[in-house]
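Undergrad: After the structure tokens below, expect a handful of questions from me.
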Amino acid sequence: MENPIAKKLEALLKLQQIDSKLDEIDKIRGDLPEEVQDLEDEIAGYQTRISKFNDELKSFNETVSNNKQSIKDAEKLIEKYQAQQENVRNDREFAAISKEIELQELEIQIFKKKNKELELKIEGKKKQIEETQQLLADREKDLENKRKELELIIAESEEDEAKLFKEREKRAKSLEPRLYKSYMKIRENSNNGLAVVTVKRDACGGCFNIVPPQRQAEIREQKKLIVCEHCGRVLAGVEENIAPEKAAPARKTTRRRATEERAEVLDVGLGSLDD
């Protein structure tokens, strides 16, 4: 009679094998995807900064232009007032016109002073734009190199990854929704992505804490789903310890029996990914 628990454990273990291979592909890619994203964000920031600097530069230049026009207007008024001074009828009119001329000359000095200050700001802003553009060019070059590197890695693993995702979808659908949800929760809480492991050398294959002999016996029986009491991972089987070969003929039968038992457990608990 088919053991339903053994079948679930086998399905879980095969799903774990697929996920571990996908994790390995991600590991090969390393931090490249995040580095590419960070560079894209940094470049967008530089572009925004340059745009802001250009807007400020445009505003400064417009103000300088307006000030120059104001200087020209003041100079025309001075010429006008000077012409009026030649036709004044008394000293009071002459003094009043002279006062207007002084005011316009003062306006001219103020506008010229403002323009000098603005010219310094313009030079500083141009320098900021130039420096930011250089940073932008450097980061764009880095981004191009990172993208090429990432594309090369993706191209090398794309076919295998597609096959694994297809096989994963098939394996995931074969599991009960509740069981799959529990598997994913354990996997998400695991620092190495392992949710289903076997007992190796009397220890949990995930956290490496010792699994008591009685617990190992229950795992071998596969009558229920058993999780590690330390890390919560599903224990899908026990890989038997193979003692070193000895010359005594009396121990050969024991070793042979242990080997056969190990093979049987592996066939039931692990299975091949291609099955």
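The values are calculated or read from the model by the stated rules, or taken from the named source; none is laboratory data. Note that the structure is predicted; figures quoted are calculated from it, not measured. Heads up, the Cβs are rebuilt from the backbone with ideal geometry, glycines too, and the neighbour counts pull from every protein chain shown. Accessible surface is based on the protein model in full, side chains and every heavy atom, while ligands, DNA and RNA are left aside. Shrake-Rupley method; radii C 1.70, N 1.55, O 1.52, S 1.80 Å.
Undergrad: Go through the range 66-87 and report how many residues are without any contact (Cβ under 8 Å) to a residue 24 or more places away in the chain and aliphatic (A, V, I, L, M). First the steps, then the outcome.
TA: Step one: of the range 66-87, the residues without any contact (Cβ under 8 Å) to a residue 24 or more places away in the chain are 66, 69, 72-73, 76, 79-87.
Keeping just the survivors that are aliphatic (A, V, I, L, M) gives 83.
Qualifying residue count, the range 66-87: 1.
Undergrad: I've got another one for you. Residues to consider are Ile18, Ile43; find the one that is among the hydrophobic types (A, V, I, L, M, F, W, C) and under 30 Å from Ala195 (Cα atoms). Steps first, answer last, please.
TA: Details: Ile43 fails: under 30 Å from Ala195 (Cα atoms).
One residue alone meets the criteria, Ile18.
Undergrad: Follow-up. Of these, Glu24, Glu79, which one is modelled with pLDDT of 90 or more and either part of a helix (DSSP H, G or I) or under 30 Å from Leu235 (Cβ atoms) (or both)?
TA: Values: Glu24 fails: modelled with pLDDT of 90 or more.
When all the criteria are applied, what remains is Glu79.
Undergrad: Of these, Phe111, Phe165, which one is in a helix (DSSP H, G or I), touching a residue at least 12 places away in the same chain (Cβ under 8 Å) and either surrounded by fewer than 15 Cβ atoms within 10 Å (Cβ to Cβ) or touching a strand residue (DSSP E or B) at 6+ places or on another chain (Cβ under 9 Å) (or both)? Don't jump to the end; show me each part of the working.
TA: Details: Phe111 fails: either surrounded by fewer than 15 Cβ atoms within 10 Å (Cβ to Cβ) or touching a strand residue (DSSP E or B) at 6+ places or on another chain (Cβ under 9 Å) (or both).
One residue alone meets the criteria, Phe165.
Undergrad: Kindly indicate whether any position in the range 117-139 is open to solvent by less than 60 Å² (accessible area, probe 1.4 Å), within 30 Å of Glu75 (Cβ to Cβ), out of contact with any helix residue (DSSP H, G or I) (no Cβ under 7 Å at 6 or more places or on another chain) and of a type outside the set (A, V, I, L, M). Walk me through it before giving the result.
TA: Here is the first cut: in the range 117-139, the ones open to solvent by less than 60 Å² (accessible area, probe 1.4 Å) are 118, 122, 124-125, 129, 132, 136-137.
Right, trim to within 30 Å of Glu75 (Cβ to Cβ) and you get 118, 122, 124-125.
Restricting the remaining residues to those that are out of contact with any helix residue (DSSP H, G or I) (no Cβ under 7 Å at 6 or more places or on another chain) gives 124.
Narrowing further to those that are of a type outside the set (A, V, I, L, M): 124.
So far as the range 117-139 goes, yes, one or more of its residues are open to solvent by less than 60 Å² (accessible area, probe 1.4 Å), within 30 Å of Glu75 (Cβ to Cβ), out of contact with any helix residue (DSSP H, G or I) (no Cβ under 7 Å at 6 or more places or on another chain) and of a type outside the set (A, V, I, L, M).
Undergrad: Is one or more of the residues making up the range 48-57 within 40 Å of the chain's Cα centre (by Cα), open to solvent by 100 Å² or more (accessible area, probe 1.4 Å) and closer than 30 Å to Glu34 by Cα?
TA: yes
Undergrad: Test each condition in (1) modelled with pLDDT of 95 or more; (2) within 30 Å of Lys27 (Cα to Cα); (3) exposed (fewer than 13 other Cβ atoms within 10 Å of the Cβ) for Ala155 and report the one that comes out false.
TA: (1)
Undergrad: Being surrounded by fewer than 18 Cβ atoms within 10 Å (Cβ to Cβ) and not acidic (Asp, Glu) is the filter; apply it to the range 1-16 and report the residue that is nearest to Glu167 (Cα to Cα). Let's see the steps before the verdict.
TA: Within the range 1-16, the subset surrounded by fewer than 18 Cβ atoms within 10 Å (Cβ to Cβ) is 1-7.
Checking the rest, the ones that are also not acidic (Asp, Glu) come to 1, 3-7.
Details: Met1: 27, Asn3: 23, Pro4: 21, Ile5: 21, Ala6: 20, Lys7: 17 Å.
Looking at residues that are surrounded by fewer than 18 Cβ atoms within 10 Å (Cβ to Cβ) and not acidic (Asp, Glu), I get Lys7.
Undergrad: Just need a number here: residues in the range 32-68 that are of a type in the set (A, V, I, L, M) and out of contact with any Lys or Arg (no Cβ under 9 Å at 6 or more places or on another chain). Before you say what the answer is, go through the steps one by one.
TA: Taking the range 32-68 and keeping what is of a type in the set (A, V, I, L, M), we get 32, 36, 39, 43-44, 50, 57, 64.
Among the residues that remain, those that are also out of contact with any Lys or Arg (no Cβ under 9 Å at 6 or more places or on another chain) are: 44, 50.
Selection size over the range 32-68: 2.
Undergrad: Then there's this: Would you pick out the residues in the range 208-222 that are surrounded by 16 or more Cβ atoms within 10 Å (Cβ to Cβ) and part of a loop (DSSP other than H, G, I, E, B)?
TA: Matches in the range 208-222: Val211, Gln222.
Undergrad: On to the next question. Restricting attention to the range 100-123, does a residue exist that is on the phi < 0 side of the Ramachandran plot and in contact with a Lys or Arg (Cβ under 6 Å, 6 or more places away or on another chain)? Show your work before the answer.
TA: From the range 100-123, those on the phi < 0 side of the Ramachandran plot are 100-123; that's our starting set.
Next, only the ones that are in contact with a Lys or Arg (Cβ under 6 Å, 6 or more places away or on another chain) stay: none.
Among the residues of the range 100-123, not one is on the phi < 0 side of the Ramachandran plot and in contact with a Lys or Arg (Cβ under 6 Å, 6 or more places away or on another chain), which makes the answer no.
Undergrad: Could you please find all residues in the range 190-221 being farther than 19 Å from Glu10 by Cβ, touching a residue at least 24 places away in the same chain (Cβ under 8 Å) and among the charged types (D, E, K, R)?
TA: Residues satisfying the conditions are Arg201, Asp202.
Undergrad: I've got another one for you. Can you name the residue in the range 109-132 that is of a type in the set (S, T, N, Q) and more than 18 Å from Asp38 (Cα to Cα) and, of all such residues, is nearest to the chain's Cα centre (by Cα)? Walk me through how you get there before you give the answer.
TA: Restricting attention to the range 109-132, the residues satisfying the condition of being of a type in the set (S, T, N, Q) are 109, 115, 128, 132.
Next cut, more than 18 Å from Asp38 (Cα to Cα) only: 109, 115, 128.
Working: Gln109: 56, Asn115: 46, Gln128: 29 Å.
Within the range 109-132, the match that is nearest to the chain's Cα centre (by Cα) is Gln128.
Undergrad: May I ask you to verify whether Ala172 is of a type in the set (A, V, I, L, M) and touching a residue at least 12 places away in the same chain (Cβ under 8 Å)?
TA: In short, yes.
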